[in-house]
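In what follows, a structure is listed as structure tokens, so that the remarks can point back to it.
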Amino acid sequence: MGLPWISVTAPSVFADLEPLLPRVAKPVQYVGGELNAQLKDWESAAVRWALMYPDAYEVGLPNQGVMILYEVLNERADALAERCYAVWPDLEALMREHRVPAFTVDGHRPLGAFDLLGVSFSTELGYTNLLTALDLAGIPLHAVDRTDEHPVVVAGGHAAFNPEPIADFVDVAVLGDGEEVVGEITDVVRDWKAQGRPGGRAELLARLAATDGCYVPSMYEVEYAPDGGIAAVRPRESAPASVTKRTTSDLDSWPYPKAPLVPLAETVHERASVEIFRGCTRGCRFCQAGMITRPVRERSLRGVGEMVDAAVRASGFDEVGLLSLSSADHSEIAEITKGLADRYEGTNTSLSLPSTRVDAFNIDLANEISRNGRRSGLTFAPEGGSERIRRVINKMVSEEDLIRTVSEAFAQGWRQVKLYFMCGLPTEEDEDVLEIAGMAHRVIQAGRAASGRNDVRCTISIGGFVPKPHTPFQWAPQAHPDVVDERLRKLREAVNSNRKLGRNIGMRYHDGRPSLIEGLLARGDRRVGRVIERVWREGGRFDGWSEHFSYDRWTAAAQAELEPLGVSLEWFTTRERDRDEILPWDHLDSGLDRDWLWDDWQDALAGTEQDDCRWTPCFDCGVCPSTGTDIEVGPSGTTLIPLTVVGGGPTSGGASAGG
Amino acid sequence: MARVRPGEAANPAPPTVQRVRMRFAKRGRLRFLSHRDVARSFERAVRRAGVPVAHSHGFSPHPRLSWIGAAPTGSASEAEYVEIGLTRPMEPAELAAALDAALPAGLDVLDAAVAEGAALADRIDASRWRVELPGVEPHELLAALDALLATDSLIVERVTPSGRRNIDVRAALVRAEVDPPAPGDAPVEAVPPDGTPGAGRTCAIMTAVVRQTTPAVRPDDVLGALDVVAGLRPPAPAKATRMAQGLLDHRGDLADPLGSDRVTTRN
């Protein structure tokens with residue numbers, strides 16, 4: 001399906017694209033021109049990056065990773081970066097018909113003209129969209145078929161911690177934080193080009209393989225054992241035996257994004273986001289993000305204050321999200337929220353804490369967050385329905401804490417609470433899930449008692465659990481979707497068994513089948529690449545979208561491609577691994593000690609909890625010594641500098657609420 | 001410190017003391033903005049510019065921006081209108097400059113006046129459109145327009161979110177003409193007002209004045225009518241630009257909604 005008409009030059013393809021736009025849905029997503037977008041002179045840059053988020057514009061534009069790297073790269077005099085997102089099938093068909101190559105939204109330059117194509121994978125379900133982009137760009141799907149003229153395809157993001165399923169399609173996978181390594185990669189490419197491309201693509205890839213955090217799959221040979229497992233992974237030539245993730249310390253010195261992109265089209269997050277810390281040591285055993293981003297590194301009170309100010313001024317957003325994996329855990333969260341609520345008093349600027357734990361949450365915090373803006377629902381994630389299963393997953397929030405918190409919230413005027421759970425967790429039985437119903441019933445009862453009203457709402461939202469690499473559950477069998485669906489059917493019955501309470505409870509869950517495919521892609525090895533390619537050739541696109549996802553296409557492709565090799569969809573997903581099995585990502589080092597992960601898995605099976613190393617002694621997960629880092633938490637000794645607010649001053653004097 | 005308590009208004013807002021009406025353009029690539037996209041861009045620009053915009057009350061306060069019939073997604077415009085409520089009086093020119101600087105290039109504020117007299121909606125009952133038809137010869141367009149204008153009624157069907165609607169294009173069409181070709185009989189080059197380079201081929205240009213009806217007759221509907229009546233099918237997508245809105249006078253010209261006594265010229 002290669003596209004032969006593409007020549008490697010950099011003129012804009014907009015004139016060819018423009019006549020197609022009136023014929024597609026939401027054309028504005030393809031035109032660029034967002035506030036704070038950058039377009040640098042093509043000839044001024046020695047190294048040119050196209051940065052892709054492999055999902056729709058509305059999902060990809062707010063992505064912080066892409067936004068950070070876009071700014072970091074464009075700040076360099078010798079580099080430029082432009083963005084691109086997945087195009088919907090309606091435009092893809094027209095682009096094929098009219099021979100318009102994949103393009104960036106900034107300069108509408110063809111992707112094939114760039115030196116590097118960086119792709120950020122938050123989820124494995126974006127893999128088919130990578131293939132669409134490569135094909136539309138005229139870049140050979142298989143890394144082995146690429147020449148000096150083709151961009152180096154670099155995968156990053158959390159899914160890159162096991163890039164083996166896309167090993168055939170990417171040239172490099174980068175592990176960990178991107179801020180610094182992206183500059184080192186730029187240096188390597190710049191020098192190689194300046195020297196006249198010595199040794200061609202092979203030499204460039206060898207140099208990249210020698211860069212910390214960069215994994216070049218083609219420099220590793222995988223040998224399989226007769227039982228279907230991996231017998232050995234052997235580095236070739238100079239490649240290191242294992243690749244360790246990158247960790248950026250001192251977030252205050254990386255205040256990106258400084259000027260967030262403001263989309264013209266509607267996107268999933270209409271807000272300015274400020275990352276208040278990175279990493280999490282709560283130790284939830286299902287949480288890949290928490291495991292692979294250790295240790296905790298906080299941005300200081302002053303750093304947060306300055307970034308929020310810059311973001312609000314540069315964007316005009318009326319909501320600021322204070323992002324992290326568990327935002328209420330920031331050591332200075334009370335000062336941050338009070339300081340920001342004071343600063344934005346009367347300006348209709350609201351704050352949000354997207355991830356908050358019940359046990360780190362209090363009503364003062366909630367009141368500060370909603371003081372200047374909208375009071376939406378409160379959201380908590382107990383994750384497991386029973387005390388027992390919460391011990392297994394090490395998410396130790398008690399139902400008493402939850403009921404106490406929501407009671408107070410309902411007493412303070414909130415009317416809705418959302419609770420997130422997972423189904424299909426290791427060791428889970430029907431009873432563990434059915435206890436969710438009782439918890440939701442008690443939330444409604446407590447809410448009615450505290451508010452004196454009948455119309456309180458509780459929404460329970462349930463996702464299927466997918467075991468991920470670099471977590472204690474990397475050895476766990478994934479529950480089959482049929483099991484999950486059956487448990488959730490029983491749960492719905494239990495919720496509705498009490499009509500008086502059940503009618504105030506909403507229940508949301510998705511089809512469990514995409515989770516099984518996500519599980520295949522998450523814990524797959526290189527053989528899974530054939531499945532991805534087959535699914536893509538048969539039309540697979542936008543697998544994260546239920547209206548595009550086809551379970552039957554995936555299972556048929558898995559059967560056709562895997563079973564001749566003696567493995568299967570089930571082998572990769574619902575099978576429990578033993579301690580000695582070589583896992584496809586064992587040569588990729590997230591810093592976590594493998595023995596510690598195994599012990600934590602055994603603790604999970606025994607229902608034994610693990611504390612947080614921020615407040616208890618180090619338990620030797622291995623990350624700090626192996627990555628040369630340390631926990632960075634407050635108090636920072638800084639203050640949130642009071643600032644004059646845009647649109648504030650005398651005009652907002654009458655805006656403060658009474659009471 | 002302000003704490004919201006149950007039963008209180010979340011944000012008692014200062015009152016509106018002045019309303020300013022503005023004409024703005026939607027140009028170039030930004031013609032692909034939908035009305036909602038335009039509205040969001042203005043709301044953010046108002047905040048970035050520090051404009052003392054009034055807000056609605058309640059738990060979910062919104063800036064007070066009132067819109068008049070937006071140009072469809074994909075159509076450019078030199079004549080869109082919005083009215084902004086302010087909590088403190090501002091010079092209209094100062095407001096226009098501040099907002100223009102805060103808006104993305106392609107959303108350009110062109111004119112502003114303090115709102116007085118009749119409501120904006122009562123000052124607009126028609127639009128003048130300029131439609132470029134790349135690949136269409138001016139004489140083909142002329143013949144099609146003659147055929148359309150010779151009818152009393154011409155119904156086209158449009159699929160709307162609420163179902164199929166029949167729209168009488170002819171009834172809403174006040175005037176339609178082919179713009180004269182460039183001097184020297186050279187092929188007319190498509191150069192829209194924003195200077196985007198055209199296709200460099202033959203391009204007929206139509207000017208049409210359309211009365212506001214419900215649902216509004218759009219340039220696409222006029223083109224649909226030309227297909228029905230004369231089989232005119234442009235080989236490439238047409239580019240439409242709304243050039244003016246206002247009250248129709250007896251000659252079919254439009255009165256400027258921002259000035260009670262100014263009248264726009266016909267070109």
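Some values worked out for this structure:
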read-out: Out of A:Asp364, A:Asp359, sole residue that is surrounded by fewer than 19 Cβ atoms within 10 Å (Cβ to Cβ), within 13 Å of chain B (Cβ to nearest Cβ) and on the phi < 0 side of the Ramachandran plot; value: A:Asp364
read-out: Where a residue in the range A:1-30 is under 30 Å from A:His142 (Cβ atoms) and at pLDDT 85 or above and its partner, wherever it lies, is of a type in the set (A, V, I, L, M, F, W, C) and part of a helix (DSSP H, G or I), with Cβ under 6 Å and at least six apart; value: A:Leu20/A:Leu94; A:Val24/A:Leu91
read-out: Residues of the range B:200-223 satisfying the condition of being buried (at least 16 other Cβ atoms within 10 Å of the Cβ) and either within 14 Å of chain A (Cβ to nearest Cβ) or in a loop (DSSP other than H, G, I, E, B) (or both); value: B:Thr202, B:Cys203, B:Gln212, B:Ala216, B:Val217, B:Arg218, B:Pro219, B:Asp220, B:Leu223
read-out: Matching residues in the range A:424-443 - criterion: being surrounded by fewer than 24 Cβ atoms within 10 Å (Cβ to Cβ) and on the phi < 0 side of the Ramachandran plot; value: A:Pro426, A:Glu428, A:Glu429, A:Asp430, A:Glu431, A:Asp432, A:Leu434, A:Glu435, A:Gly438, A:Met439, A:His441, A:Arg442
read-out: Matching option when the condition is surrounded by fewer than 19 Cβ atoms within 10 Å (Cβ to Cβ), touching a strand residue (DSSP E or B) at 6+ places or on another chain (Cβ under 9 Å) and of a type in the set (D, E, K, R), among B:Glu78, B:Glu83; value: B:Glu83
read-out: A:Val304 being within 17 Å of A:Asp329 (Cα to Cα) and in a strand (DSSP E or B); value: no
read-out: Unmet requirement for B:Glu116, which otherwise passes all of (1) at pLDDT below 95; (2) acidic (Asp, Glu); (3) outside the structural domain of B:Val82 (by TED's automatic domain parsing); value: (3)
read-out: Considering residues of the range A:444-455 that are surrounded by fewer than 23 Cβ atoms within 10 Å (Cβ to Cβ) and not basic (Lys, Arg) only, the residue farthest from A:Ile517 (Cα to Cα); value: A:Gly452
read-out: Among the candidates B:Ala150, B:Ala118, B:Ala113, residue that is within 17 Å of B:Met22 (Cβ to Cβ) and surrounded by fewer than 14 Cβ atoms within 10 Å (Cβ to Cβ); value: B:Ala118
read-out: A:Leu17 away from every other protein chain (no Cβ under 14 Å) and touching a strand residue (DSSP E or B) at 6+ places or on another chain (Cβ under 7 Å); value: no
read-out: Residue check for A:Val274: under 30 Å from B:Arg29 (Cβ atoms) and surrounded by 22 or more Cβ atoms within 10 Å (Cβ to Cβ); value: yes
read-out: Scan of the range B:149-160 for residues that are more than 24 Å from the chain's Cα centre (by Cα) and touching a residue at least 40 places away in the same chain (Cβ under 8 Å), ordered by number; value: B:Thr151
read-out: The range B:224-243 residues that are within 30 Å of B:Ile124 (Cα to Cα), paired with ones that are among the charged types (D, E, K, R) (beta carbon under 6 Å, 6 or more apart); value: B:Asp227/B:Arg233; B:Lys239/B:Glu132; B:Thr241/B:Arg130; B:Met243/B:Glu78; B:Met243/B:Arg128; B:Met243/B:Arg130
read-out: Which numbered condition A:Ala265 misses (of (1) within 14 Å of chain B (Cβ to nearest Cβ); (2) closer than 19 Å to A:Glu71 by Cα; (3) of a type in the set (A, V, I, L, M, F, W, C)); value: (2)
read-out: Which numbered condition A:Arg299 misses (of (1) surrounded by 23 or more Cβ atoms within 10 Å (Cβ to Cβ); (2) of a type in the set (Lys, Arg); (3) more than 14 Å from A:Pro257 (Cα to Cα)); value: (3)
read-out: Meets criteria (out of contact with any Pro (no Cβ under 8 Å at 6 or more places or on another chain), surrounded by fewer than 23 Cβ atoms within 10 Å (Cβ to Cβ), at the interface with another protein chain (Cβ under 7 Å from one of its Cβ atoms) and modelled with pLDDT under 95) for B:Ala9; value: no
read-out: Residue list for the range A:80-120, restricted to those being among the hydrophobic types (A, V, I, L, M, F, W, C) and in a loop (DSSP other than H, G, I, E, B); value: A:Ala86, A:Val87, A:Trp88, A:Val100, A:Ala102, A:Val105, A:Phe114
read-out: All positions within the range B:43-93 that are touching a Phe, Trp or Tyr at 6+ places or on another chain (Cβ under 7 Å) and part of a loop (DSSP other than H, G, I, E, B); value: B:Ile68, B:Thr73, B:Gly74
read-out: So B:Arg21, is it surrounded by 20 or more Cβ atoms within 10 Å (Cβ to Cβ), modelled with pLDDT of 95 or more and away from every other protein chain (no Cβ under 11 Å); value: yes
read-out: Criterion: buried (at least 22 other Cβ atoms within 10 Å of the Cβ), within 14 Å of chain B (Cβ to nearest Cβ) and in contact with a Pro (Cβ under 8 Å, 6 or more places away or on another chain) - qualifying residue of A:Leu61, A:Leu35, A:Leu91; value: A:Leu61
read-out: Search result, residues across the range B:236-267 that are within 21 Å of B:Phe32 (Cβ to Cβ) and either within 14 Å of chain A (Cβ to nearest Cβ) or modelled with pLDDT under 95 (or both); value: B:Ala236, B:Pro237, B:Ala238, B:Lys239, B:Ala240, B:Thr241
read-out: Test: A:Ala206 is hydrophobic (A, V, I, L, M, F, W, C) and farther than 20 Å from A:Val144 by Cα; value: no
read-out: Residue match in the range B:160-175 (condition: under 26 Å from B:Gly106 (Cβ atoms), surrounded by 17 or more Cβ atoms within 10 Å (Cβ to Cβ) and either charged (D, E, K, R) or at pLDDT 90 or above (or both)); value: no
read-out: Residues (in contact with a Ser or Thr (Cβ under 7 Å, 6 or more places away or on another chain), within 14 Å of A:Arg513 (Cα to Cα) and small (Gly, Ala, Ser)) located in the range A:528-557; value: A:Gly544
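Condition check ((1) in contact with a Pro (Cβ under 9 Å, 6 or more places away or on another chain); (2) closer than 20 Å to A:Asp611 by Cβ; (3) away from every other protein chain (no Cβ under 14 Å)) across all residues:
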| position | (1), (2), (3) |
| --- | --- |
| A:His330 | no, yes, yes |
| A:Gly339 | yes, no, no |
| A:Ser355 | no, yes, yes |
| A:Arg371 | no, no, no |
| A:Phe380 | no, no, yes |
| A:Glu383 | no, yes, yes |
| A:Glu387 | no, yes, yes |
| A:Asp401 | no, yes, yes |
| A:Arg404 | no, no, yes |
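For every residue, the table says whether it meets (1) modelled with pLDDT of 95 or more; (2) out of contact with any helix residue (DSSP H, G or I) (no Cβ under 6 Å at 6 or more places or on another chain); (3) not assigned by TED's automatic domain parsing to the domain that holds B:Ala71.
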site: B:Ala150; (1), (2), (3): yes, yes, yes
site: B:Pro180; (1), (2), (3): no, yes, yes
site: B:Val188; (1), (2), (3): no, yes, yes
site: B:Asp194; (1), (2), (3): no, no, yes
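The values are calculated or read from the model by the stated rules, or taken from the named source; none is laboratory data. Because the structure is predicted, anything quoted here is derived from the model rather than measured. Positions of Cβ are generated from backbone atoms using ideal geometry, with glycine treated the same way; all protein chains shown enter the neighbour counts.
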